[in-house]
Amino acid sequence: MLKIQVGHSYFLRLDPKQWERGKPYPPLATIQVAALLRQMGHEVALFDAMLADGVEDYAGALRAAQPDVVVFYEDNFNFLTKMCLGRMREAACQMIGEARASGARVIVAGSDASDQPGAFLAAGAQVVLLGEGIAPLVELIGRLGRDPAIDERAWVSGIAGVATLVSEQTQLTRVGVLPPDPRLTVRAAWDLVDIERYREVWRRHHGYFSLNMAASRGCPFRCNWCAKPIWGNHYNQRTAQDVAAEMTYLKQSFSPDHIWLADDIFGFHVDWVTEFGDRLRAVDGSVPFTIQTRADLTSERMASALEQAGCAEVWIGAESGSQRVLDAMNKGTKVPDLITARQRLGQHGIRVGFFVQLGYLGEDLDDLLATRELIAQAAPDDIGVSVSYPLPGTKFYEKVKAQLGEKTHWQDSNDLAMMFQGAYDSDFYRHVRDLLHEQVTLQQSHAEGPTERYREARRALDARWDALVAREHAHRTEDAAATPRAAVHSNAQSQL
Ligand code: SF4
């Protein structure tokens, strides 16, 4: 039996926007791996960075666990791990160094490690798992379990789907992106999580407590900016029975007020969602939940099935109100679908959030105004706004990689920095984001009907948009060569 410490490097403290937001979730994929390793007969401890005070907490956890092997397995259900934030990589590398110095063997897995294994190997990791990496992980742990003193070369020899250092060079034994591994469907090791700390943070910030689970892994769609280093285009859905049983378990064990279903695409098939709802009702296992889905999957039957199952909120990757931009993204949805989906879900009493993306390649002011119009027409209950973020492995990244400078990742999720030459600069998009948020707040605060105060606030907001449009139109009539675009844009920003 080995002593294994399983951990991850997403420190909420290192991401000021998320810390302030106060919506932490336990590292689901990390505790699924912990459960799998425990099922293999090993003693498993968890280092949960999420609510740790900082990376300095790791030394104490390492001393307490005294592990033979450390597995840093990032939570692939946490979308922030896909962004490969710079601060988290630094934290991971520091912990890797400490774990190696303690004499433990170190295995690393996650989106950033799959994209840039060299950085993690240089920090001291002996093996990086490429993609989900369950097959090589099971093999590595199996070999070490049989021979804890196994020579390092023999330990990794012949294992596919990993990166290692050979003569100081990163050597990859790629196998392509494999489908989600069925061994990871064991119930997550919830007992290793300090649930009460999570409950306390949620209650303090929001007055309720939310937990997370996932009904599927992966997504078969092909939006060309969406990085998929873990599951590629595979999609694997658990049975409705199994997912209903897990929600019931969470309800009975921890009494959450809400559940975040972290799937990229929840439900997918109406019959699955209908069965899920039926099974929950049969055992009184439903907890109000939030999902992510696509507008084109939100039929009337789906909206009804979601309501019946207890769905409280749906987030849709709307991205843009411009069909031209949606097509350029290969999003596969139509603008009217977004409006219809929002109305449909609203009629079933389900809140709707739109993810919006600014600054995609070729997006111009007219496209941004189309997004503004979409938000006005659809009136979502909430929006989440980001700028286009080129991640390795995507078509989008290939198109802009020649423009990427030294900065290839955001430091934290509030960075919102443009990393390629878009139509405008980062500050411009931050202002557009703020205007869109103000618009939603205004719409929501007067959902019951416009008052005179609303009309006044609306006129003021419109005037700020109009100033932006006027300046851009003025710029279009000028000689572009004589008036650098960036100068006009920074002038526009000062008026926003
Ligand atoms: S639907 Fe969502 S998860 Fe799937 S490819 Fe598009 S952005 Fe990615």
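The values are calculated or read from the model by the stated rules, or taken from the named source; none is laboratory data. Small disclaimer: the values here were computed from a predicted structure and weren't measured. Here Cβ is always computed from backbone atoms with ideal geometry, including for glycine, and neighbour counts include all displayed protein chains. The accessibility values were calculated without ligands, DNA or RNA, using every heavy atom of the protein model including side chains. Shrake-Rupley method; radii C 1.70, N 1.55, O 1.52, S 1.80 Å.
If I filter segment 422-433 down to residues being closer than 11 Å to Ser386 by Cα and of a type outside the set (A, V, I, L, M, F, W, C), which single residue comes out as surrounded by the fewest Cβ atoms within 10 Å (Cβ to Cβ)? If you could, list the steps in order and put the result at the bottom.
Taking segment 422-433 first, the residues closer than 11 Å to Ser386 by Cα are 426, 429-430, 432-433.
Keeping just the survivors that are of a type outside the set (A, V, I, L, M, F, W, C) gives 426, 429-430, 433.
Details: Ser426: 16, Tyr429: 25, Arg430: 19, Arg433: 18.
Within segment 422-433, the match that is surrounded by the fewest Cβ atoms within 10 Å (Cβ to Cβ) is Ser426.
Here Arg351 passes the criteria (1) crowded, with 17+ Cβ neighbours inside 10 Å; (2) among the basic types (Lys, Arg); (3) away from the ligand (no atom under 16 Å from the Cβ) except the one numbered (1). Listed by position, the strands (runs of 3 or more DSSP E) contained in segment 163-257 that have at least 2 residues being within 16 Å of the ligand (Cβ to nearest atom) are 216-218, 235-237. Taking residues in segment 225-237 that are on the phi > 0 side of the Ramachandran plot, and partners anywhere that are open to solvent by less than 50 Å² (accessible area, probe 1.4 Å) and within 11 Å of the ligand (Cβ to nearest atom), the pairs with Cβ atoms closer than 8 Å and at least 6 places apart or on different chains are Gly232/Gly218. Here segment 293-310 is the region considered, the condition is being free of Cβ contacts under 8 Å to residues at least 60 places away in the same chain and buried (at least 21 other Cβ atoms within 10 Å of the Cβ), and the residue that is nearest to Ile339 (Cα to Cα) is Ala295.
Inspect all residues belonging to segment 357-366 and state whether any of them is within 23 Å of Asn233 (Cα to Cα), modelled with pLDDT of 90 or more, buried (at least 20 other Cβ atoms within 10 Å of the Cβ) and touching a strand residue (DSSP E or B) at 6+ places or on another chain (Cβ under 9 Å). There is at least one residue in segment 357-366 that is within 23 Å of Asn233 (Cα to Cα), modelled with pLDDT of 90 or more, buried (at least 20 other Cβ atoms within 10 Å of the Cβ) and touching a strand residue (DSSP E or B) at 6+ places or on another chain (Cβ under 9 Å).
Looking at Met50, Met40, Met88, just one residue is open to solvent by 30 Å² or more (accessible area, probe 1.4 Å) and either under 23 Å from the mean Cα position of the chain (by Cα) or not assigned by TED's automatic domain parsing to the domain that holds Gly218 (or both), and that residue is Met40.
Taking segment 252-271 only, how many residues are over 20 Å from Arg203 (Cα atoms) and either of a type in the set (A, V, I, L, M) or more than 24 Å from the chain's Cα centre (by Cα) (or both)?
In the first step, residues of segment 252-271 are kept if they are over 20 Å from Arg203 (Cα atoms); the result is 262-271.
Still in the list and also either of a type in the set (A, V, I, L, M) or more than 24 Å from the chain's Cα centre (by Cα) (or both): 262, 265, 270-271.
Residues that pass the stated criteria total 4.
Output the qualifying pairs, or none if there are none: Cβ atoms under 6 angstrom, residues six or more apart or on different chains, first residue in segment 239-264 and touching a residue at least 24 places away in the same chain (Cβ under 8 Å) and farther than 9 Å from Ala215 by Cβ, second residue away from the ligand (no atom under 16 Å from the Cβ) and among the basic types (Lys, Arg). Listed pairs, sorted by first residue: Gln241/Arg279; Ala244/Arg279.
If the condition is being touching a residue at least 12 places away in the same chain (Cβ under 8 Å) and among the basic types (Lys, Arg), then segment 433-478 contributes Arg433, Arg458, Arg464, Arg471.
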